[in-house]
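First the structure, in the form of structure tokens, and then the observations on it.
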Amino acid sequence: MLPPQRIAITGASGLIGSALVGHLKSEGHTVQRLVRRKSSAPDEISWDPNSGIVDLASLEGVNAVIHLAGAGVGDHRWTSKYRGEILNSRLLGTTAISNAVAQVKPQTFISASAIGFYGETGNRAVTETDRSGDDFLSAVCREWEGAADLATGVRTVKIRTGLVLDPTGGALGRMLPLFKFGIGGKLGSGRQWWSWITLHDHIRAIAHLLESKIEGPVNLTSPNPVTNQEFTSALARALHRPALLPVPGFALKLALAGFSTEILGSKRVIPQALTDDGFHFDYPHVISALAELVE
């Protein structure tokens with residue numbers, strides 16, 4: 001186990017960030033949250049991602065910085081304005097924190113990215129060595145990861161996160177009420193691959209990366225991606241409900257606009273770097289993962 005560290009986190013109030021803060025504190029670490037206002041507590045550090053200002057004095061002496069902040073890709077319709085917010089929230093925030101990391105020189109910098117980096121993969125399995133795609137989110141991820149590279153002289157890990165499963169939020173949180181009432185089903189054709197990970201294993205993986213010597217991109221997904229039809233069938237089975245009402249692709253496109261490409265698109269992503277580094281998943285299979293989560 002990693003000896004007690006002082007760890008700074010952006011995006012600490014989000015689904016992943018709040019769970020990570022609790023986990024790290026339970027392991028005996030001191031956690032400081034970067035907040036977008038004047039700090040008002042000993043565990044807060046002030047920063048402004050838009051202006052690039054970070055309280056460097058308060059950041060001095062941290063052992064690791066974990067950067068999770070960024071506008072949610074599934075929170076709004078992808079208007080041209082919101083596309084700009086998706087990109088700018090990542091580019092400006094990551095540039096600000098990377099420049100700060102380059103100055104205070106912690107041992108480790110872990111910066112968020114996403115499996116959107118790979119674009120549409122169809123049935124082809126991809127690992128960290130595969131090229132990026134050519135759609136909007138692929139371009140966002142390339143610039144996002146490029147900004148993380150500004151943290152020169154520090155071991156930098158770029159975590160390409162898949163679909164994070166937890167009943168309290170994210171995609172699963174939105175799907176559960178529908179499936180509990182028996183009105184869930186596959187999305188579109190159901191043949192598209194979903195690369196998922198439980199929140200539990202995601203947090204464990206980040207903790208593992210704090211101790212590891214890995215650098216560069218790391219896929220945070222289960223080693224066993226599934227098709228959407230397999231996922232929705234497993235969820236219905238876990239809830240003892242039918243999954244008889246598929247949602248046609250055109251309806252998703254009307255409801256979600258640009259984000260529908262992420263729901264209907266196929267990403268078959270393998271966490272090669274993590275497994276090669278000896279990380280073991282507590283929930284590698286979707287059937288047992290969903291059965292546990294819905295309880």
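The values are calculated or read from the model by the stated rules, or taken from the named source; none is laboratory data. Predicted, not measured: the structure shown is a model, and the values here were computed from it. Reconstructed Cβ throughout: ideal geometry from the backbone, glycine too, with neighbour counts over all protein chains shown.
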Being without any contact (Cβ under 8 Å) to a residue 40 or more places away in the chain, in a loop (DSSP other than H, G, I, E, B) and touching a strand residue (DSSP E or B) at 6+ places or on another chain (Cβ under 9 Å) is the filter here, so list the residues in the stretch 1-39 that pass it. Pro4, Ser13, His29, Arg36, Arg37, Lys38, Ser39
I'm told Ala57 meets every condition in (1) assigned to a loop (DSSP other than H, G, I, E, B); (2) of a type in the set (A, V, I, L, M, F, W, C); (3) over 19 Å from Gly17 (Cβ atoms); (4) free of Cβ contacts under 8 Å to residues at least 40 places away in the same chain except one. Can you identify the failing condition by its number? (1)
Filter the stretch 117-168 down to the residues that are part of a loop (DSSP other than H, G, I, E, B) and of a type in the set (Asp, Glu), then identify the one that is surrounded by the most Cβ atoms within 10 Å (Cβ to Cβ). Glu128
Every residue from the stretch 44-54 that is buried (at least 16 other Cβ atoms within 10 Å of the Cβ) and part of a loop (DSSP other than H, G, I, E, B): Pro49
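Going by the conditions given, is Arg174 modelled with pLDDT under 95, within 25 Å of Glu120 (Cα to Cα) and among the charged types (D, E, K, R)?
yes
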Looking only at residues in the stretch 205-234 that are assigned to a helix (DSSP H, G or I) and within 18 Å of Gly169 (Cα to Cα), which one is nearest to the chain's Cα centre (by Cα)? Phe231
Of all residues in the stretch 40-54 being in contact with a strand residue (DSSP E or B) (Cβ under 7 Å, 6 or more places away or on another chain) and hydrophobic (A, V, I, L, M, F, W, C), the one that is farthest from Pro167 (Cα to Cα): Ile53
Can you find a residue in the stretch 66-83 that is assigned to a strand (DSSP E or B), surrounded by 15 or more Cβ atoms within 10 Å (Cβ to Cβ), within 23 Å of the chain's Cα centre (by Cα) and not acidic (Asp, Glu)? yes
If you take the residues in the stretch 5-20 that are among the hydroxyl-bearing types (Ser, Thr, Tyr) and within 16 Å of Pro49 (Cα to Cα), which one is modelled with the highest pLDDT? Thr10
If Arg90 satisfies all but one of (1) of a type in the set (Lys, Arg); (2) assigned to a loop (DSSP other than H, G, I, E, B); (3) within 21 Å of Ile197 (Cβ to Cβ), what's the number of the condition it fails? (2)
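Would you mention how many residues in the stretch 183-204 are in a helix (DSSP H, G or I) and of a type in the set (Ser, Thr, Tyr)?
So the answer is 0.
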Scan the stretch 169-179 for residues that are free of Cβ contacts under 8 Å to residues at least 24 places away in the same chain and either of a type in the set (A, V, I, L, M, F, W, C) or surrounded by 22 or more Cβ atoms within 10 Å (Cβ to Cβ) (or both) and jot them down. Leu178
